[in-house]
Amino acid sequence: MNKIIETVFGKAYHPVIKYLRNRPEDANKLIKTSFSETETRKNRIYVDITQVFIKDAGTGVQRVTNNILVNFEKMSSDYDIVKVYLDEKKGVFDCESKSPVNFIKGDIFFELDLNYVLFIRYAAFFRKLMKKGVKVSVFIHDLIPIRYPQFFDNSTCKIQLKWMKACIRLNQIIANSEATIEDVENFINENPFYKKNKNIQLDYSLLGCDFSAKPMECPEKNSKRLSFLMVSTVDRRKNYKQAVHAFSLLWESGYDVELKIVGRPGWCCEDTIELLENHPELGKRLFWYKSGISDEELAKLYSETDAVIFASLAEGFGLAITEGAYYKKPLILRNLSVFMEIAGDNALYFNGLEPEDLAEAVKEWIKLYELGQVPDSSKIKLRTWQECTIDVYNALIKKCKIKPLK
């Protein structure tokens with residue numbers, strides 16, 4: 001068939017041929033081999049961690065995946081928890097045995113990790129599972145490529161839209177914040193002509209934040225300078241450019257402060273990378289940890305800093321906020337609804353896109369610091385990953401006639 005298409009239509013149809021060659025087996029065929037009408041056993045929650053299984057990039061999404069997964073494996077529940085991955089063509093496989101999994105009625109398939117392409121390929125298969133009595137749920141971090149396409153390449157925006165169209169046809173969406181689940185609901189209402197599950201469950205659980213059992217002791221600083229920390233992927237949406245220019249203004253004004261940035265290069269950020277790599281203060285009062293660091297190294301940076309800055313223009317959650325609060329570090333945050341949801345009145349907020357706007361916020365924070373009046377992040381109610389995972393689990397089993405965990 002592929003050769004016929006190529007012969008008749010020529011190179012213009014090569015993308016179609018590529019899709020046909022890479023698509024999974026037919027959904028009906030996959031159902032016949034992966035669903036049993038007769039097997040009797042304890043029901044399972046199949047947790048899809050495809051991206052982490054293939055290559056753990058250590059990004060914020062993967063950190064969420066790993067932390068929830070670890071706590072899933074610790075808990076005792078009425079379900080067996082099974083880690084799985086999606087093969088490009090052949091179905092769902094057990095991460096431990098590498099063998100195909102077998103679904104029965106009452107099982108749950110939970111797409112915890114983020115893998116747009118494979119999830120879209122398997123959308124028809126997931127709908128077949130739902131018809132067989134398997135609950136299919138997906139975890140969503142944000143709709144930012146859809147809402148803010150200017151920060152991404154066109155292909156990313158298109159693929160997230162296609163992914164969302166698949167997600168709203170499932171049994172359930174679980175998000176990482178109330179702000180994100182409200183955005184999902186708005187997306188559904190804004191697009192009445194998209195096919196959707198009219199009975200879809202919409203739930204959320206704020207994420208956890210703990211690195212260890214208790215905060216590290218803050219070591220004595222090597223420098224008397226005030227130190228500010230930013231943690232997140234370096235891309236246009238995170239607005240590091242504004243932050244670096246803001247601190248350049250502070251340095252020019254005589255403020256002897258440090259800015260430390262932890263984050264790998266991300267999307268569409270060549271100008272920001274050039275600014276960082278060629279800045280005269282790099283390695284002196286500007287530090288960029290761009291190759292990834294361990295949780296222990298990151299914890300040390302949190303412990304040593306005087307305040308955490310989050311200047312991002314759009315977020316689904318913002319792990320650096322809760323992590324900073326975990327180490328009782330003051331917060332300087334852009335005035336986003338999700339940041340207010342997490343931190344409430346326990347942070348200093350700023351508006352504006354110009355370097356001067358953030359520079360003035362830092363100056364204001366320094367004045368409050370000298371007076372001992374900075375907002376106290378230790379008042380933020382933090383959640384452990386165990387609490388987050390219990391909420392996710394209870395959302396998954398909702399309407400499944402299983403007792404919730406406490």
Checking G91 against (1) touching a Ser or Thr at 6+ places or on another chain (Cβ under 6 Å); (2) at pLDDT 95 or above, the condition it does not meet:
(2)
Here the residues within region 323-368 that are part of a helix (DSSP H, G or I), open to solvent by 20 Å² or more (accessible area, probe 1.4 Å) and small (G, A, S) are S337
Taking region 84-107, which residues are open to solvent by 50 Å² or more (accessible area, probe 1.4 Å) and among the charged types (D, E, K, R)?
E88, K89, K90, E96, K98, K105
Test for S253: is it small (G, A, S), modelled with pLDDT of 95 or more and closer than 23 Å to F119 by Cα
no
Please go through region 1-37 and give me each residue that is at pLDDT 90 or above and either over 30 Å from K105 (Cβ atoms) or hydroxyl-bearing (S, T, Y) (or both), ordered by number.
S34, S36
Anything in region 256-271 that is without any contact (Cβ under 8 Å) to a residue 60 or more places away in the chain, open to solvent by less than 50 Å² (accessible area, probe 1.4 Å) and either in contact with a His (Cβ under 9 Å, 6 or more places away or on another chain) or farther than 29 Å from K367 by Cβ (or both)? List them, or say none.
G266, C269
Give the residues of region 138-160 that are surrounded by fewer than 21 Cβ atoms within 10 Å (Cβ to Cβ) and either free of Cβ contacts under 8 Å to residues at least 24 places away in the same chain or over 30 Å from I108 (Cβ atoms) (or both), sorted by residue number.
Y148, P149, Q150, D153, N154, S155, C157, K158
Could you please find all residues in region 38-57 being over 19 Å from Y393 (Cβ atoms) and open to solvent by 10 Å² or more (accessible area, probe 1.4 Å)?
T38, E39, T40, R41, Q51, F53, I54, K55, D56, A57
Matching residues, region 108-129, being without any contact (Cβ under 8 Å) to a residue 60 or more places away in the chain and open to solvent by 20 Å² or more (accessible area, probe 1.4 Å):
Y116, V117, I120
Condition met for D87 (without any contact (Cβ under 8 Å) to a residue 40 or more places away in the chain and charged (D, E, K, R)):
no
For the condition among the basic types (K, R) and at pLDDT 95 or above, what is the one hit in R225, R169?
R169
With the condition being small (G, A, S), I'd like the helices (runs of 4 or more DSSP H) fully within region 225-312 carrying at least 1 qualifying residues.
240-252, 295-304
Meets criteria (assigned to a helix (DSSP H, G or I), among the aromatic types (F, W, Y), touching a helix residue (DSSP H, G or I) at 6+ places or on another chain (Cβ under 8 Å) and open to solvent by less than 40 Å² (accessible area, probe 1.4 Å)) for F317:
no
Would you be able to tell me the number of residues in region 28-83 that are without any contact (Cβ under 8 Å) to a residue 40 or more places away in the chain and assigned to a helix (DSSP H, G or I)?
5
In region 58-70, how many residues are of a type outside the set (K, R) and open to solvent by 20 Å² or more (accessible area, probe 1.4 Å)?
7
Cβ pairs under 8 Å, 6+ apart, first in region 387-406 and among the polar types (S, T, N, Q), second modelled with pLDDT of 70 or more
T389/N67; T389/I68; T389/N71; T389/F72; T389/M75; T389/G208; N394/P404
Regarding region 238-255, can at least one residue be identified that is under 29 Å from T180 (Cβ atoms) and without any contact (Cβ under 8 Å) to a residue 40 or more places away in the chain?
yes
Some residue of region 300-311 being surrounded by fewer than 22 Cβ atoms within 10 Å (Cβ to Cβ), over 13 Å from F228 (Cβ atoms), in contact (Cβ under 8 Å) with a residue 12 or more places away in the chain and within 24 Å of the chain's Cα centre (by Cα)
yes
A careful count of residues in region 369-399 that are of a type in the set (S, T, N, Q), open to solvent by less than 60 Å² (accessible area, probe 1.4 Å), under 30 Å from Y46 (Cβ atoms) and outside any loop (DSSP other than H, G, I, E, B) gives 2
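The values are calculated or read from the model by the stated rules, or taken from the named source; none is laboratory data. Everything quoted here is computed from the prediction, not taken from an experiment. Neighbour counts run over all protein chains shown; Cβ positions are idealised from the backbone, glycine included. Heavy atoms of the whole protein, side chains included, go into the accessibility calculation; ligands, DNA and RNA do not. Shrake-Rupley method; radii C 1.70, N 1.55, O 1.52, S 1.80 Å.
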